[in-house]
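Read through the structure below, which is laid out as structure tokens, and then see the notes.
The values are calculated or read from the model by the stated rules, or taken from the named source; none is laboratory data. Note that this is a predicted model, so its numbers are computed, not measured. Neighbour counts are summed over all protein chains in view; Cβ atoms, including those assigned to glycine, are modelled from backbone coordinates with ideal geometry.
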Amino acid sequence: MTRQEMQQLQALPYDLKVRRAEQRAKEFYNTVDNCHVSVGGLDSITLLCFLRQIGIDVPAISVSSLEDRSIMKIHKDLGVININPIKSKKQVINELGFPVISKGKAKKISILQQPDSEKQTFIHAIMTGDMGEQGHWQHSDKIKLPDKWLELFAGNYQEHRPDLKCKCAPFPVSADCCYWMKELPCDRWAKEHNSFPYLGLMASEGGQREMGLIKNGCNYYGKTVTRSAPFAPFMRQDILQLALDVGAPVPEIYGEIVRDPDGTLRTTKAQRTGCQMCGFGIHIEERPHRFDRLRERNPKEWEFWMYRCATDPETGEKYGWGQVLDYIGVGWENMPDTDLAGQISLF
């Protein structure tokens, strides 16, 4: 599928998208021996309710401990099977690093934080965008890390960019949190039960999800991955309308689904949610951001993540997301003037 073809599907009327999603879901159900639903926030809760409504009643699984308490309650009410992460949130941060900026950029930063790496050609590409002989001497802005992040994280390889003043961050960065806490435990459950997942992914979410859905479509049957994403062409308005149509329970963290005078649907609180300790996208959020919301809901948990979730291996001192946010220029310690009951987008 091309990007243009995906855009054509996204432009279809809502009713046609829903009928198409039903067709794709039933095709997948009739093709694989066993299947299940991987459940997290509102999108996949809606997927579970939609599948049950069209007669596909299969097991639902989730690493529920990573979610907000209100989402965990809905999971329990819906009979979602809880599975445990391989590593805890605290382990991930201390053993791997903080998930910050974006998954793609965090991967590059983690490489830059390794001194004397053998990946010098790739490091040069991250620093300059120049691909070298292996890349036929092309330039790629997609591979290059923006200068503002190089200045904060590329101190180990300053010689590649003498025009910048690069520093080394006083904390590690990692993109592997999802692998250890969600992907690996869900994959293990799937292999143990010879089952393949329905996922509530939408191309409109952008990033790696968009690229994967454009490349592989709604239903994908590969050598190592088989999955169904029947909502791939859905837009945000589609998923909210479907949530209303199938009577999906809305976790308290989202508030309610309401319709504005212009007809636009939205949730009155969080627009998107994710793992409690995830920092991907935090730098582009307006306040009140996800950590402000956590402070409102659970001050003790907020205090732990902001001040005490990590231990410096050299000094033994405790620190947390507060130090990370200070370093990348995101406010957190003061209470924002904006009403915390208003809207927020987590990604």
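Things to note:
- The stretch 68-110, subset free of Cβ contacts under 8 Å to residues at least 40 places away in the same chain and crowded, with 20+ Cβ neighbours inside 10 Å, residue nearest to R297 (Cα to Cα): H75
Yes or no, residue by residue, for (1) under 28 Å from V37 (Cβ atoms); (2) modelled with pLDDT of 95 or more; (3) assigned to a helix (DSSP H, G or I):
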residue: Q114; (1), (2), (3): no, yes, no
residue: I126; (1), (2), (3): no, yes, yes
residue: D141; (1), (2), (3): no, no, no
residue: K148; (1), (2), (3): no, yes, yes
residue: L152; (1), (2), (3): no, yes, yes
residue: Q158; (1), (2), (3): no, yes, yes
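- Enumeration of residues in the stretch 249-269 that are surrounded by 19 or more Cβ atoms within 10 Å (Cβ to Cβ) and farther than 27 Å from D292 by Cα: none
- Candidates M211, M181: the one that is aliphatic (A, V, I, L, M), touching a helix residue (DSSP H, G or I) at 6+ places or on another chain (Cβ under 9 Å), surrounded by fewer than 21 Cβ atoms within 10 Å (Cβ to Cβ) and outside any loop (DSSP other than H, G, I, E, B) is M211.
- Residues (assigned to a helix (DSSP H, G or I), over 20 Å from M202 (Cβ atoms) and within 24 Å of the chain's Cα centre (by Cα)) located in the stretch 27-65: S64, S65
- Positions within the stretch 66-112 being part of a loop (DSSP other than H, G, I, E, B), of a type in the set (A, V, I, L, M) and over 25 Å from F196 (Cβ atoms), in sequence order: L96
- Residue match in the stretch 25-41 (condition: at pLDDT 95 or above, surrounded by 16 or more Cβ atoms within 10 Å (Cβ to Cβ), more than 19 Å from Y221 (Cβ to Cβ) and touching a Leu at 6+ places or on another chain (Cβ under 7 Å)): yes
- Tally of residues being among the hydroxyl-bearing types (S, T, Y) and closer than 18 Å to C168 by Cα across the stretch 118-152: 1
- Restricting the stretch 43-67 to residues that are of a type outside the set (S, T, N, Q), farther than 20 Å from R24 by Cβ and modelled with pLDDT of 95 or more, the residue that is surrounded by the most Cβ atoms within 10 Å (Cβ to Cβ): V63
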